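Before any comments, here is the structure.
Any read-out appearing in this document is the output of simple, stated calculations on the displayed coordinates, not a laboratory observation. Computed from a predicted model, the values in this text were never measured in an experiment. Please note: Cβ atoms are built from the backbone with ideal geometry, for glycine as well, and neighbour counts cover all protein chains shown.
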Ligand code: SF4
């Protein structure tokens, strides 16, 4: 999923008549290197979810990493900083990528098919996936990437003007900009715009319940079904992500799961079987599961693209374990992109790439046999 | 988005750094020397130089005494009778020298400006042009806050942070680390002189020479898990760093034994010393022992007892890194005082 470049972003914003509200921090070449650092005070806001400790230290309670951060230091995600014993987010309204995407690109297949999402990101991430496709923003500190000041109301207005019913927090990791996400979701809801988070699910329970309560849907990247993969390839832990999925289920939050299949690292039959079995038991068989194709990037350039046959094998195993909505992703034109009625097997939503060619679901059900199809559908 | 950003950065820098580009590869001979693994039988020389009167009758470091302290340390290290002879072993006229300071601790606990000025003076006396010297850390504002005078352009020593020029777009890799390296290092420097501060570190145990290189990469926050092990060792193995790092002058004029790396006056002490070596591992090991002695003196438990052993120092000495030695039997430690 590639966010747009800044020029396209500005054009997009300009076309929406909003360019006047967007500032650019690019420095004139003639001024190099004597230009002053841009003031970042407008992006700084006291963080939520942390605890003060003696000696001006703090413990961050946003994600399971629980960084203990000394004065003038930052947490692992690089976007939250301790200043004199108070913890701050440095990325409120600091948008480094923005684009208007089909909701299918997130991917969310059972959520307002064929609509657009005004998609935004800030720098930073609380894990370090060796295959990250957006590492140039996710693995950077906010001051290292060009960004624009886009406060929540502006984003809501841009979404409305561009006929996007949804704001998506995506590309990097929205958990690390939770404060901005929450304020923007509120602004969006006041304007009749929904919000979705495209997240790794690596949050603490209270943060998840507080921040994602404001979401209308969530997509979770479940990177593997083994702690070893999470430790060695992701730099995180599996269990908190599984806990988040269960919590989202209890919150009745519409959730879809993406599993990026990385050749040789998380593509075994037993792993697919365990994954699907866990989802079936803990979340139910109606949760959409997307097996997506890996492409070499960032620190994992030595592995090949995932063979389509591997994705098909994963899909067959997951369906065999009782999951009803299993998709194949990043393979445009593959029939595994369509939504089928689990009872009569008719195609209900036909997709090519991110385009919805046919949408037959009516009142949340199959028009042929009446089977209820779970999701968030057009009213 | 990535592509667009890269193009913009490239265009920007093409115009600005044309003159510097030719030097991007540095000096081949010296790079080769720096990259060569140390012979197993070789011993690392390390000097701890002290001056009880470094501050005269005030609290600030006296510039003349800082220069004398530096000279004493360098002449002992290099076995030279004149300061200029020492520095000619480190740099050659025409080379570009970057001095990596540490400005994180504010005025209380950062690389001392007088010490850095003394280094610049001696580099110039060895034939390096003022404008070929750049004092840098990550962030210009932090440096300014610490007391460095920000300078760019003209026939003077340059002084600014990587925030002014950015990091390389491509990743450099070694072991656990994949990072973009400061363009100051890659495009304006043949020789790197590392001027860290000796400090306790709540995560890593201590921070001195090895960990100071975190200020040269774009993602230091990703290198703090597991007590910075093996990250601190791996960062120093990045080719751009290892090929240029020539000398480590650890500032222990003011050091801290607890509560680091931020400045907390109650845990800082005036050691009035410099630790100087070409071996960052030997230097870090020795600095660690100094911190342990001070902790014992203050009735604090050892770093090991606190679960904060700086294990990355041993990693830096292992067969996969060979950045130096952490074995005191393989160090020649000279402790000297300014009269
Ligand atoms: S959100 Fe960031 S600072 Fe907080 S615990 Fe996670 S990685 Fe650490």
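What distance in nm separates the simple spin-label points at residue B:306 and residue B:88, each placed 7 Å from Cα in the Cβ direction?
Distance between the two pseudo-spin positions: 4.6 nm.
Considering Cα pairs under 8 angstrom that are at least six residues apart, work out the relative contact order of chain A and quote it in whole percent. All intermediate terms of the calculation are to be shown ahead of the outcome.
Numbers: 817 pairs, mean separation 47.3, N = 379.
The normalised contact order for chain A reaches 12 percent.
If you rank B:61, A:258 by fewest surrounding Cβ atoms within 10 Å, what's the result? All intermediate terms of the calculation are to be shown ahead of the outcome.
Numbers: B:61 24, A:258 21.
By the 10 Å Cβ count, ascending: A:258, B:61.
Viscosity 0.692 mPa s, temperature 37 °C: what is the translational diffusion coefficient of chain A from Stokes-Einstein with a Kirkwood Rh over Cα pairs, rounded to a whole number of µm²/s?
On the way: Rh = 21.4 Å.
Reported coefficient: 154 µm²/s.
Output the 0 to 90 degree angle, nearest 10, between the alpha-carbon long axis of helix A:238-250 and the longest principal axis computed from the alpha carbons of chain A.
Computed tilt is about 70 degrees.
Roughly how far apart, in whole Å, are the Cα centres of the range A:147-202 and the range A:222-278?
With the range A:147-202 and the range A:222-278 each reduced to a Cα centre, they are spaced 25 Å.
Please work out the FRET efficiency for the pair residue A:355 and residue B:52, using the Cβ-Cβ distance as r and a Förster radius of 56 Å; give the result to the nearest 0.05.
Values: r = 77 Å, r/R0 = 1.38.
Efficiency at R0 = 56 Å is approximately 0.15.
So what is the calculated 222 nm ellipticity per residue for the protein assembly as shown, using -39500 (n - 2.57) for each DSSP H run with n of 4 or more, over all residues, to the nearest 500 deg cm²/dmol?
Numbers: 21 runs with 197 residues, N = 718.
Here the helix-only value at 222 nm equals -8000 deg cm²/dmol.
Hey, what angle do you get for helix A:152-161 against the long axis of chain A, alpha-carbon based, 0 to 90 degrees rounded to 10?
Roughly 50 degrees between the two axes.
What does the extension gain come out to for residue A:68 and residue A:302, with contour length at 0.36 nm per residue minus their alpha carbon separation?
Working: separation 234, 0.36 × 234 = 84.24 nm, distance 3.47 nm.
Gain on extension, residue A:68 to residue A:302, equals 80.8 nm.
Measuring from centroid to centroid over Cα atoms, what is the spacing of the range A:354-375 and the range A:301-320 in Å?
26 Å
Could you work out the relative contact order of chain B? I mean the mean sequence separation of Cα pairs under 8 Å and 6+ apart, divided by the number of residues, in percent. Let's see the in-between values first.
Values: 711 pairs, mean separation 78.3, N = 339.
That works out to 23 percent.
From the Cα gyration tensor of chain B, with a ≥ b ≥ c the square roots of its eigenvalues, which class applies: rounded if a/c is under 1.5, or else prolate if a/b is larger than b/c, or else oblate? Show your work: numbers first, answer last.
Working: a/c = 1.40, a/b = 1.21, b/c = 1.15.
The shape class here is rounded.
Arrange A:324, A:110 by Cβ neighbour counts within 10 Å, fewest through most, would you?
Working: A:324 21, A:110 24.
Lowest to highest Cβ neighbour count: A:324, A:110.
Compute the helix-to-body angle for A:178-190: its Cα long axis versus the longest principal axis of chain A, expressed 0 to 90° and rounded to tens.
Computed tilt is about 70 degrees.
Could you work out how much longer the chain between residue A:237 and residue A:264 gets when fully extended? Use 0.36 nm per residue separation minus the Cα distance between them, nm to one decimal.
My answer for the length gained is 7.8 nm.
Any chance you could list P(r) for the protein assembly as shown, counting all Cα-Cα pairs in 10 angstrom bins from zero, rounded to whole %?
Pair shares across the bins are 3, 14, 23, 23, 17, 11, 6, 2, 0, 0.
Order these by the 10 Å Cβ neighbour count, fewest first: B:325, A:310.
A:310, B:325
Ranked highest first by average number of other Cβ atoms within 10 Å, how do A:285-298, A:332-345 line up? All intermediate terms of the calculation are to be shown ahead of the outcome.
On the way: A:285-298: 20.3, A:332-345: 16.6.
Descending packing order for the listed peptides: A:285-298, A:332-345.
If each of residue A:163 and residue B:334 carries a label point 7 Å out from its Cα toward its Cβ, how far apart are those two points in nm?
My value for the distance between the label points is 7.9 nm.
Need one number: nm distance between label points at residue A:312 and residue B:107, each 7 Å from Cα along Cα→Cβ, rounded to one decimal.
About 7.2 nm separates the two model spin labels.
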